[in-house]
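Notes to accompany the following structure.
The values are calculated or read from the model by the stated rules, or taken from the named source; none is laboratory data. From a predicted model like this one, the values you see are computed outputs, not experimental measurements. Every residue, glycine among them, receives a Cβ derived from its backbone with ideal geometry; neighbour counts consider all protein chains shown. The protein model used for the area step is the full one, side chains on, heavy atoms only, and it has no ligands, DNA or RNA in it. Shrake-Rupley method; radii C 1.70, N 1.55, O 1.52, S 1.80 Å.
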Amino acid sequence: MPNDLPRHIAVIMDGNGRWAKKRLLPRAAGHRAGMNRMIGLAEHIFDRGVKYCTLFALSTENLSRPKEELDGLYALFREYFMRNVDTLCKKSIALRVIGDRTLLPADVVALIEEGERRTADGTRGTLLLAIGYGGRQDILSAVNTAVRGGKEVTQEEFVALLSTGGVPDPDLLIRTGKELRLSNFLLWQAAYSELYFTDVLFPDFSDAELDRALAAYADRERRFGKV
Ligand code: IPE
Ligand code: IPE
Ligand code: MG
């Protein structure tokens, strides 16, 4: 029996820089192409009927990239929020940003907060954008919240303290751009995710490529440790 459609798809959107390099363009051009693709891909994922989509846009480790590259990425995030929140509202998609906001420029944080507030009533699906996100930091922050509570917590209580609290674990985790690693993404949440790696660079990860990943997922046997 093929698996049902994943409820939650998470994507490590890697390969923008190499996409640009191949075309003798600056890395910033790759990030712009990546952002355009990110908008289309999220739409396709929700059109397919998936309820939760998490996109890894910036890791805590990415924050030590050169200032010029980071400034370019922040400019793209500003543009993304300004251009897309209306569409998300219309499509009834709730936006939720995970990651450490204290690491981001104040005006980007203001746009994030506005986007979350304006889309809060979305019922068709939830788009989680991981910006300034690190899986270890996510776990540590939940641990510290638990410790402040002064008593041991159950697994269920702990999960609710993670930045993804209330969201089911990803069924399918896709990484574009050839690397075979998690790079500090959703470390706790991906414990039983089906992993799908592709050499396709993120700006080239088309709707057809997503459908290929969904077809591969449908054929996986998910055992969760059982026989
Ligand atoms: C992914 O693309 C986007 C971010 C990490 C911000 P990269 O910028 O890592 O692209 P490559 O890996 O250099 O090709
Ligand atoms: C992972 O890509 C982070 C994002 C896609 C946001 P990286 O390009 O940062 O990963 P590494 O450095 O190759 O592990
Ligand atoms: Mg990369």
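At a glance:
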{"quantity": "Table column - 3J(HN,Hα) (Hz), region 187-197, Karplus curve with 6.51, -1.76, 1.60, x for Gly and Pro", "calculated": "4, 6, 5, 8, 3, 10, 6, 7, 9, 9, 10"}
{"quantity": "Per-q log10 I(q)/I(0), the chain, q = 0.11, 0.12, 0.14, 0.16 Å⁻¹ (Debye; single scatterer per alpha-carbon; no solvent)", "calculated": "-0.55, -0.66, -0.91, -1.20"}
{"quantity": "Anchor Lys178: lysines whose Cα lies under 27 Å away (excluding residues fewer than 8 positions away in-chain)", "calculated": "Lys21, Lys22, Lys51, Lys67"}
{"quantity": "Amide proton proximity set for Gly15, modelled H, under 5 Å, gap of 5+", "calculated": "Phe202"}
{"quantity": "Sum of -39500 (n - 2.57) over DSSP H runs of 4+, divided by residues of the chain (222 nm, nearest 500)", "calculated": "-14500 deg cm²/dmol"}
{"quantity": "Where chymotrypsin sites (Phe, Trp or Tyr not before Pro) in DSSP loops with at most 14 other Cβ within 10 Å are excluded, longest remaining stretch of the chain", "calculated": "1-191"}
{"quantity": "Segment Asp107-Leu195, length gained on full extension (0.36 nm per residue, minus Cα span)", "calculated": "28.2 nm"}
{"quantity": "Probe 1.4 Å, accessible area per residue of the chain, Å²", "calculated": "52 Å²"}
{"quantity": "In order through region 23-29: 3J(HN,Hα) via Karplus (6.51 cos²θ - 1.76 cosθ + 1.60), integer Hz, x for Gly, Pro", "calculated": "9, 6, 10, x, 3, 4, 5"}
{"quantity": "Region 8-218, dipole about Cα centre (Lys/Arg Cβ +1, Asp/Glu Cβ -1), debye to the nearest 20", "calculated": "480 debye"}
{"quantity": "Other-chain or far-sequence residues with amide H under 5 Å of Ile98's (modelled H)", "calculated": "Leu129, Ala130, Ile131"}
{"quantity": "Whether region 91-209 is rounded, prolate or oblate, judged on the alpha carbon gyration tensor where a/c under 1.5 counts as rounded", "calculated": "oblate"}
{"quantity": "For region 145-158, Karplus couplings with θ = phi - 60° (6.51, -1.76, 1.60), whole Hz, Gly/Pro x", "calculated": "4, 4, 4, 4, x, x, 8, 4, 10, 7, 4, 4, 5, 5"}
